[in-house]
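Below is one structure; the comments refer to it alone.
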Amino acid sequence: MAGQREQNLAVVGAQWGDEGKGKIVDLLCEAFDVVARYQGGHNAGHTVRFGDKHYSLKLMPSGILHPGKLCLLGNGMVIDPGALLEEIESLRGLGVQIDSNLKISDSAHCILPYHKALDLAREEAAGAAKIGTTGRGIGPAYETKVSRYGIRIADLLDPDVLRDKIEFACAEKNPVLQTVYGKPAFDPQALYNDYARYGEVLAERITNGAVLINDLIRRGKRVMFEGAQGTMLDIDHGTYPFVTSSNTIVGGVCTGLGIAPKHIDRVLGVAKAYTTRVGGGAFPTELNDATGQRLRTRGNEFGTVTGRPRRTGWLDLAVLRTSVMLHGLDGFALTKIDVLDEFEEIPVCTSYNVRGERWTTFPAFAVAHHDYKPEYRVMKGWKSSTVGITDFAKLPPAAKDYVRYIEDETGCTISIISTGPRREETIQRT
Ligand code: IMP
């Protein structure tokens with residue numbers, strides 16, 4: 001798949017997020033004119049290493065690091081304008097050019113401070129049942145969107161509408177925060193002042209995202225759709241309720257940008273060579289032992305956004321097959337294979353035993369009662385360094401077997417293998 005002149009490509013997470021999408025988008029970006037995000041907000045965290053510099057991207061598509069690429073924040077996103085402006089400033093501080101190359105859909109929804117306060121208060125109140133969110137207000141902002149009382153990016157440009165909407169929201173959210181959760185109320189006037197200013201600063205970037213992207217597609221421009229989070233965090237198809245509040249799967253591209261399915265020509269799923277997840281919820285191949293700790297240390301598995309240690313475990317083929325199905329994947333990019341370099345044996349979950357029945361996709365229905373057991377095949381480790389290898393033929397034989405086994409079991413080609421964090425530490429198979 002790599003090297004092909006595909007028209008429009010979606011790059012999506014095939015596990016629970018943090019698969020290394022940032023590096024892959026950055027790597028493939030050159031062939032595209034536009035990079036667009038379709039869901040999520042600054043709960044996402046992409047780390048891209050470029051030369052000596054280390055960029056941490058949250059709201060920004062990874063294409064922003066490449067001069068001449070138009071980046072679009074789509075209508076399916078929830079955007080904290082304050083966080084956006086901070087990110088713009090910090091990237092500019094690293095020499096990244098951000099001017100007319102960044103556009104924001106006028107129909108994206110805003111995250112306000114009461115969303116963040118509600119997110120944090122709920123998590124605190126839920127105790128052991130908490131979701132383990134990133135605490136950025138994502139869930140409450142999507143709730144307000146669906147309730148139809150949300151504040152959209154376009155509203156930032158209309159002082160009367162903005163004032164009315166903020167007052168209405170505070171009249172509802174403040175009593176909940178105060179009475180239910182014992183938290184302080186927000187002053188609508190102060191919020192209005194901040195958000196009206198955000199509107200002024202962002203005005204030149206605000207546009208009808210659907211019209212913009214469809215016009216670019218019609219003119220033959222190539223678009224990369226950049227997913228955030230991963231398949232198993234999808235609000236409909238993931239490990240509910242331990243999910244994020246948007247459609248992370250490729251179907252979200254259509255609604256989150258306003259384009260028709262026929263414009264998504266190919267879909268690339270990014271998967272780590274093992275599995276991680278942050279926050280609560282089912283993780284059947286999790287390793288709560290020294291091996292899990294070893295994966296965490298070797299893979300530097302700490303969240304980009306929150307710094308939380310990630311939960312770690314072996315590769316789960318049922319998760320990957322579920323991703324192939326839900327996204328219609330055309331290929332995988334397999335990342336962090338080098339993290340497995342020193343393991344003697346590498347178990348891979350091939351399927352689940354669900355009350356005597358073999359399941360080869362993720363048994364999400366069983367999450368509530370955990371009445372399922374992962375079944376493993378133990379692969380031989382390669383016990384030698386794969387760091388920086390750029391040619392598939394040069395991989396140790398056991399590492400090749402590992403790659404081919406995943407391909408055989410998922411029915412999907414692995415077109416890219418990442419052997420280190422840098423752009424050049426990559427195998428591209430044609
Ligand atoms: P929220 O998106 O902040 O509401 O968090 C909901 C769940 O999604 C939690 O388990 C988070 O840890 C997880 N999550 C959200 N964004 C990311 C991400 O970018 N990578 C990995 N997990 C994420």
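We did not get these values from a lab; they are worked out from the coordinates using the rules stated. Remember, it's a predicted structure, so these values are computed and weren't measured experimentally. Ideal geometry is used to build each Cβ from the backbone, glycine not excepted, and the neighbour counts take in all protein chains shown.
Evaluated over the Cα positions of region 48-173, the convex hull gives a direction-averaged projected area, one quarter of its surface, of 9.3 nm².
GNM remark for the chain: springs join alpha carbons under 10 Å apart, and the peak mean-square fluctuation among ASN214, ASN193, ASN174 falls on ASN193. Top mean-square fluctuation among SER246, SER418, SER147, Gaussian network model of the chain, C-alpha springs under 10 Å? Judging by the Gaussian network model, the answer is SER147. Straight-line cross-link partners of LYS116 among the aspartates and glutamates, defined as a Cα under 13 Å from its Cα and at least 8 positions apart when in the same chain: ASP80, GLU124, GLU143. Across every direction, the projection of the convex hull enclosing the Cα atoms of region 234-291 has a mean area of 5.3 nm². Shown in residue order for region 295-309 are the 3J(HN,Hα) couplings computed by the Karplus curve 6.51 cos²θ - 1.76 cosθ + 1.60 at θ = phi - 60°: 4, 4, 5, 4, x, 6, 8, 10, x, 5, 8, 10, x, 5, x Hz (x for Gly and Pro). Shown is the FRET efficiency for GLU342 and GLU172, computed with R0 = 41 Å from the Cβ-Cβ distance and rounded to the nearest 0.05: 0.15.
For region 236-251, putting each phi into the Karplus relation 6.51 cos²θ - 1.76 cosθ + 1.60 with θ = phi - 60° gives couplings of 9, 10, x, 7, 4, x, 8, 9, 8, 9, 10, 8, 7, 6, 4, x Hz, in residue order, rounded to whole numbers and with x for Gly and Pro. If you model region 185-261 as an ellipsoid using its alpha carbon gyration tensor, with each semi-axis the square root of five times an eigenvalue, the axes come out at 28, 24, 8 Å, biggest first. The coefficient of translational diffusion for region 109-249, derived via Stokes-Einstein from the alpha carbon Kirkwood radius under 25 °C and 0.890 mPa s, stands at 144 µm²/s. Straight-distance candidates among the lysines for linking to LYS272, with alpha-carbon spacing under 21 Å and chain neighbours fewer than 8 residues away dropped: LYS21, LYS23, LYS58, LYS336, LYS380, LYS383, LYS394, LYS400. FRET efficiency for the pair THR430 and ARG92, taken as 1/(1 + (r/R0)^6) with r the Cβ-Cβ distance and R0 = 51 Å, rounds to 0.90.
Report the residue, chosen from SER385, SER245, SER105, that carries the largest GNM mean-square fluctuation when the chain is represented by alpha-carbon nodes joined by springs under 10 Å. Maximum fluctuation in the GNM of the chain, among the listed residues, is at SER385.
For the pair ASP187 and ASP164, a Förster radius of 22 Å applied to the C-beta separation gives a FRET efficiency near 0.90, rounded to the nearest 0.05. In a Debye calculation with equal point scatterers on the alpha-carbon sites of region 63-136 and no solvent, what is log10 I(q)/I(0) at q = 0.16, 0.20, 0.28 Å⁻¹? Evaluating at q = 0.16, 0.20, 0.28 Å⁻¹ gives log10 I(q)/I(0) of -0.71, -0.91, -1.24. Each residue of region 421-427 was assigned a 3J(HN,Hα) from its phi angle through the Karplus expression (A = 6.51, B = -1.76, C = 1.60, θ = phi - 60°), giving x, 7, 4, 6, 8, 8, 9 Hz with x at Gly and Pro. D by Stokes-Einstein for the chain, Kirkwood Rh over Cα pairs, 37 °C, 0.692 mPa s: 148 µm²/s.
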